[in-house]
Amino acid sequence: MKQEKFRIRMSQNDSKKRMLRSITQTKRSCSSLLPRLASICTLASPFAAGSYPLSIPPAATFVSSPGFIRRRHDNIRSASSQQRLSASGLALASFGNQRGHHPILESGTLFGGAIGHRRGPSTSLSQSISSSHSETETKSGRMDEIDTNDSSSDSAAEYFDTQKFDAYEAAIEEIISKRNVVRDFKKNEADLTSVKARLVERKRRLPSWGIEEYLQPEKKRGEGGSINNNNDDENLPVVAKVNGEQQQQQQQQHSEEAAAIIEFPDTKQKLRERSNLYLSATNTTSQHHKLSTVLLAHLADHCAKNRSPEPLYIAWEKILEQGLMPLSRTLSTYLYVLSLEGDNEDDGDRKNNDNNSSQERDIAAEVAMFHDALYEPTEKTITLLVKSLVRRGDARGAEALLDGIADGPLGQLRHRTTSPILKLYCQRGEIDAALRLYHRMRTTSRVKMDAATYADFIAAVAEQGYFRSDSECILGAEDLGYERSCGPELLDALITEMAEDVMDISEESARVLRNGLAAGFRESGLTTLSDSEGMKPTATPSDNGALVADRVSIDKDTAKCPATGTTLRLIVLEQSQRVHVHDTLLEMAREKSKEYTSKLAAKGRATKDAAEKAEQATQILTEFSQWLDNREGKPYTAIVDGANVAYFGWGKINVHQLVHMVEALENQGEHPLVVFPQKYTWKKFHLRKGVIQVLQDEELELINRLKEKDQMYVVPPMCLDDLYWMLASVSNQTTSTSGETIAQMAVPKNDASGRFPGLRPLVISNDKMRDHKMDLLEERAFRRWCCSHIVNYNFTDFIENSWEEREIRFCAADLFSDEIQGNERANGDGDGGGGGGSGMVWHFPVSEWDANERFCLRLPA
């Protein structure tokens with residue numbers, strides 16, 4: 001009985017095994033048949049003459065209809081997956097032209113000749129079949145030639161690029177012995193050898209798939225019209241399918257047109273399809289397939305370290321061939337390395353190759369789109385896609401791509417993303433579009449316009465002649481808020497905007513501006529300069545009706561321009577900015593005290609709570625401010641950084657030198673106040689680590705004499721003396737000045753008493769204030785404060801004794817500001833003011849020129 005039961009059980013097991021073998025054989029048959037079926041269906045379909053290659057998912061069901069093959073997937077994309085793909089959809093749609101074509105799929109212009117060229121609507125089926133082997137293989141997605149043992153099917157298209165493959169193979173050989181690579185392969189040499197062997201195969205194991213296969217859209221019926229199969233939708237706009245409010249806005253925008261909506265299937269599903277085909281064709285295990293991704297990730301790190309993008313070209317082909325899914329970090333590394341080559345391109349080379357750029361394959365853009373289809377889009381990927389479009393001359397497509405993400409997390413535009421589009425508009429002379437984008441960039445908080453961008457844009461407008469009085473108007477300029485859409489007034493408006501954001505320009509930008517004006521005013525006779533040609537200074541007065549775009553040297557005593565006779569202004573801090581400096585210094589006293597006490601605490605020297613000392617430091621500085629406002633007597637017209645002056649040139653405190661400075665200022669008609677740290681008034685003090693200084697009785701007597709004359713303010717310990725003399729420079733000294741304003745305290749030029757011209761009080765210091773610059777004011781206001789108040793000095797060397805009186809050379813505060821400024825045109829006698837002619841005279845500081853030199857710009861009257 002037991003033997004019978006055992007025999008029956010064994011028979012059942014054999015039946016199960018036979019059934020499993022039968023199922024396995026059936027699967028293998030279907031697996032080999034499915035690619036051939038795909039090829040047959042593709043060639044039989046009108047799509048074979050169009051632009052949409054057919055890929056067959058494992059669980060696809062074919063539905064017969066006239067000339068149309070529909071694909072249904074068992075998997076349904078989630079909402080998060082759709083959101084990830086939206087950016088890729090927008091990118092693909094943006095790469096179309098204005099009529100809505102999809103050049104990635106229709107013309108291959110994004111990915112170049114390797115993808116194949118477009119076969120238009122009139123291309124017949126026979127013409128499609130008679131195309132080159134590589135193009136037919138790529139466009140139709142044929143899978144009926146995966147038999148790698150058939151030598152008769154060998155062709156150049158079945159092999160990777162030999163020249164690029166050599167660099168790739170050498171890089172693979174270099175990294176396989178590295179410790180981190182061996183560790184990731186768990187020291188399994190057999191796995192590493194097997195994976196390496198697959199990756200360095202020069203012959204393709206599957207027909208080539210481009211990136212468009214993984215981002216292949218499905219066209220569906222739009223709300224405003226229908227999609228037919230005879231390419232009648234040639235003139236319909238392509239709208240990327242997106243989610244929520246953005247989708248509604250785009251549908252509303254095209255509600256009057258027949259809109260073809262593009263839906264992107266799950267890229268991950270496409271990768272699974274491709275990887276299954278590759279595993280079946282090569283008998284590779286899934287474990288080795290995953291390890292290929294790991295090894296190519298190490299290759300990316302290796303190329304990043306060596307700044308060598310060449311090996312990644314073949315690595316990217318291997319990813320597409322095998323259906324690999326790298327991590328987001330790995331794709332980001334690919335983007336970084338591949339962008340190195342694009343960033344190093346010379347602009348001139350780009351212009352020379354402009355005609356061929358549409359046929360070049362942009363691997364970085366492919367990786368960017370691939371990344372955005374799998375993961376969340378990043379600023380880097382969007383920027384690469386924009387630059388790719390710009391290289392192909394499609395500025396409007398690039399701008400449309402940015403419009404598509406305007407409401408998303410990447411909606412805040414940035415300068416590096418938008419400036420290439422603006423530059424292309426300018427190069428093509430599309431000034432109306434350039435002005436619209438320029439205005440958009442200026443009004444976007446995340447876009448920080450630089451001097452070069454401003455100069456390039458203004459030069460482009462000038463080159464097209466829009467600053468001429470007889471010029472045509474720029475379309476849409478008035479809608480953007482400009483009072484005049486052409487002529488000198490438009491130039492004044494644009495440079496005024498420029499002056500709000502930048503303070504100086506480079507010599508290159510000055511040359512660009514000059515050449516743009518020379519092209520726009522050809523009758524002026526102004527010569528253009530080559531890139532290697534410097535701009536020579538001119539001191540020749542120019543006729544009031546002539547164009548001026550020259551390098552000039554401003555008279556430091558009169559602030560007058562030799563070419564135009566215009567007098568430059570000293571632009572000072574506004575009252576609100578002075579109050580801001582005052583309040584900021586009080587806050588800085590608190591923060592600096594906390595930093596100092598923290599350092600002492602780290603050394604074990606702090607005795608009181610840091611917060612208590614910080615509040616005490618703030619209170620003492622506040623009392624100093626109140627003392628300045630409430631004290632009676634003569635107002636202080638010169639504030640001396642006592643420590644800076646006493647220490648200058650000695651490496652220790654020289655009280656005699658400090659007294660010489662006070663006396664020199666008094667001889668100039670100033671009433672000085674010395675701000676001096678308390679420890680330097682002691683008999684003995686630590687100067688620096690390991691150095692103790694002892695003052696002589698005579699030096700102590702000099703210090704006491706300054707105190708008695710109310711010419712020295714002693715800063716208490718634990719307080720930063722810099723904050724005191726900076727605050728004194730913006731104090732109104734209300735009581736002592738009897739309510740006079742800063743402007744009323746200013747000394748005019750050519751003062752009879754010989755006083756330095758300019759604002760009061762002066763600040764005597766050689767301190768560069770690197771520690772306080774960014775905390776105190778933004779750069780423009782800080783520069784205005786320095787130009788208006790700071791006076792540098794120098795002592796001549798002493799001969800015998802350090803206490804001997806020596807000559808002091810002062811570098812007075814500026815008479816004119818070190819920033820871009822515009823002034824009214826001077827009249828005939830050069831006195832400035834009223835002028836004859838339209839437009840202003842502009843002067844630009846140039847970073848490479850001397851301090852008193854400016855680039856002068858004036859339009860003809």
Count - residues of segment 306-327 that are among the hydroxyl-bearing types (S, T, Y) and open to solvent by 40 Å² or more (accessible area, probe 1.4 Å): 0
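Of all residues in segment 558-572 being closer than 24 Å to G545 by Cα and either aliphatic (A, V, I, L, M) or touching a His at 6+ places or on another chain (Cβ under 7 Å) (or both), which is surrounded by the fewest Cβ atoms within 10 Å (Cβ to Cβ)? Steps first, please.
Going residue by residue through segment 558-572, those that are closer than 24 Å to G545 by Cα are 558-569.
This time we only want the ones that are either aliphatic (A, V, I, L, M) or touching a His at 6+ places or on another chain (Cβ under 7 Å) (or both), so: 559, 561, 563, 568.
Working: A559: 20, C561: 29, A563: 22, L568: 22.
Among those that are closer than 24 Å to G545 by Cα and either aliphatic (A, V, I, L, M) or touching a His at 6+ places or on another chain (Cβ under 7 Å) (or both), it is A559.
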Answer from A452, A510, A462 - the residue that is within 27 Å of S530 (Cα to Cα), open to solvent by 40 Å² or more (accessible area, probe 1.4 Å) and either among the aliphatic types (A, V, I, L, M) or modelled with pLDDT under 95 (or both): A452
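Check L291, L295, L277 and return the single one that is open to solvent by 20 Å² or more (accessible area, probe 1.4 Å), farther than 24 Å from E376 by Cβ and either touching a residue at least 12 places away in the same chain (Cβ under 8 Å) or not polar (S, T, N, Q) (or both). Lay out the reasoning, then the answer.
Numbers: L291 fails: open to solvent by 20 Å² or more (accessible area, probe 1.4 Å); L295 fails: open to solvent by 20 Å² or more (accessible area, probe 1.4 Å).
On inspection, the qualifying residue turns out to be L277.
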Residue selected from segment 813-858 under the condition at pLDDT below 95, hydrophobic (A, V, I, L, M, F, W, C) and in contact with a Leu (Cβ under 8 Å, 6 or more places away or on another chain), by the criterion most open to solvent (accessible area, probe 1.4 Å): L815
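Yes or no, residue by residue, for (1) part of a loop (DSSP other than H, G, I, E, B); (2) at pLDDT below 85:
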position	(1), (2)
M369	no, no
A373	no, no
I382	no, no
L385	no, no
L389	no, no
G393	yes, no
A398	no, no
L413	yes, yes
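Looking only at segment 279-319, which residues are under 27 Å from Y336 (Cβ atoms) and hydroxyl-bearing (S, T, Y)?
So in segment 279-319, the residues under 27 Å from Y336 (Cβ atoms) come out as 289-319.
Residues satisfying the conditions are S292, T293, S308, Y313.
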Subset of segment 477-487 [in a helix (DSSP H, G or I) and in contact (Cβ under 8 Å) with a residue 24 or more places away in the chain]: L480
Within segment 437-446, considering residues that are surrounded by fewer than 21 Cβ atoms within 10 Å (Cβ to Cβ) and touching a Leu at 6+ places or on another chain (Cβ under 7 Å), the one nearest to G516 (Cα to Cα): H439
Residue check for M769: touching a residue at least 12 places away in the same chain (Cβ under 8 Å) and either under 24 Å from M588 (Cα atoms) or open to solvent by less than 20 Å² (accessible area, probe 1.4 Å) (or both): yes
Only one of K634, K652, K679 that is assigned to a helix (DSSP H, G or I) and open to solvent by 30 Å² or more (accessible area, probe 1.4 Å): K679
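Please indicate, with yes or no, whether at least one residue in segment 488-499 is in a loop (DSSP other than H, G, I, E, B) and under 18 Å from G839 (Cβ atoms). Break it down into steps so the answer makes sense when it comes.
Quick first cut of segment 488-499, residues in a loop (DSSP other than H, G, I, E, B) only: none.
There is no residue in segment 488-499 that is in a loop (DSSP other than H, G, I, E, B) and under 18 Å from G839 (Cβ atoms).
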Sole exception among (1) at pLDDT below 95; (2) crowded, with 17+ Cβ neighbours inside 10 Å for G690, by number: (2)
Number of the exception - E587 against (1) buried (at least 17 other Cβ atoms within 10 Å of the Cβ); (2) under 29 Å from K613 (Cα atoms); (3) over 31 Å from the mean Cα position of the chain (by Cα): (1)
Subset of segment 505-553 (residues that are in contact (Cβ under 8 Å) with a residue 40 or more places away in the chain, in a loop (DSSP other than H, G, I, E, B) and farther than 24 Å from S469 by Cα): S506, M535
Check on I764, within 29 Å of H660 (Cα to Cα), modelled with pLDDT of 85 or more, surrounded by 20 or more Cβ atoms within 10 Å (Cβ to Cβ) and among the aliphatic types (A, V, I, L, M): yes
Selection count, segment 175-203, where residues are modelled with pLDDT of 85 or more, in a helix (DSSP H, G or I) and surrounded by 14 or more Cβ atoms within 10 Å (Cβ to Cβ): 9
Residue, nearest to V655 (Cα to Cα), within segment 692-715, restricted to residues that are touching a residue at least 12 places away in the same chain (Cβ under 8 Å), of a type in the set (A, V, I, L, M) and in a strand (DSSP E or B): M712
Options S445, S469: the member that is polar (S, T, N, Q), more than 23 Å from L857 (Cβ to Cβ) and in a loop (DSSP other than H, G, I, E, B): S445
All positions within segment 626-649 that are under 16 Å from L720 (Cα atoms) and in contact with an Asp or Glu (Cβ under 9 Å, 6 or more places away or on another chain): D641, G642, A643, N644
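Out of the residues in segment 709-734 meeting the condition of being open to solvent by 50 Å² or more (accessible area, probe 1.4 Å) and touching a Gly at 6+ places or on another chain (Cβ under 9 Å), tell me which one is modelled with the highest pLDDT. Outline the logic, then answer.
At the first step, the residues of segment 709-734 found to be open to solvent by 50 Å² or more (accessible area, probe 1.4 Å) are 709-710, 717-718, 720, 732, 734.
With the extra rule that they be touching a Gly at 6+ places or on another chain (Cβ under 9 Å), the set shrinks to 710, 732.
Working: D710: 94, N732: 89.
That would be D710.
Among the residues of segment 780-797, which ones are farther than 15 Å from H660 by Cβ and hydrophobic (A, V, I, L, M, F, W, C)? Break it down into steps so the answer makes sense when it comes.
Just the residues of segment 780-797 that are farther than 15 Å from H660 by Cβ, to begin with: 780-792.
Correct list: A781, F782, W785, C786, C787, I790, V791.
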Per-region count, segment 513-547, residues under 14 Å from I458 (Cα atoms) and either modelled with pLDDT under 95 or surrounded by fewer than 19 Cβ atoms within 10 Å (Cβ to Cβ) (or both): 1
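The values are calculated or read from the model by the stated rules, or taken from the named source; none is laboratory data. Computed from a prediction, not measured in an experiment: that's the story for all the values here. Note that we place each Cβ from the backbone using ideal geometry, even for glycine, and neighbour counts take in every protein chain shown. Areas reflect the complete protein model, heavy atoms only, side chains present, ligands, DNA and RNA absent. Shrake-Rupley method; radii C 1.70, N 1.55, O 1.52, S 1.80 Å.
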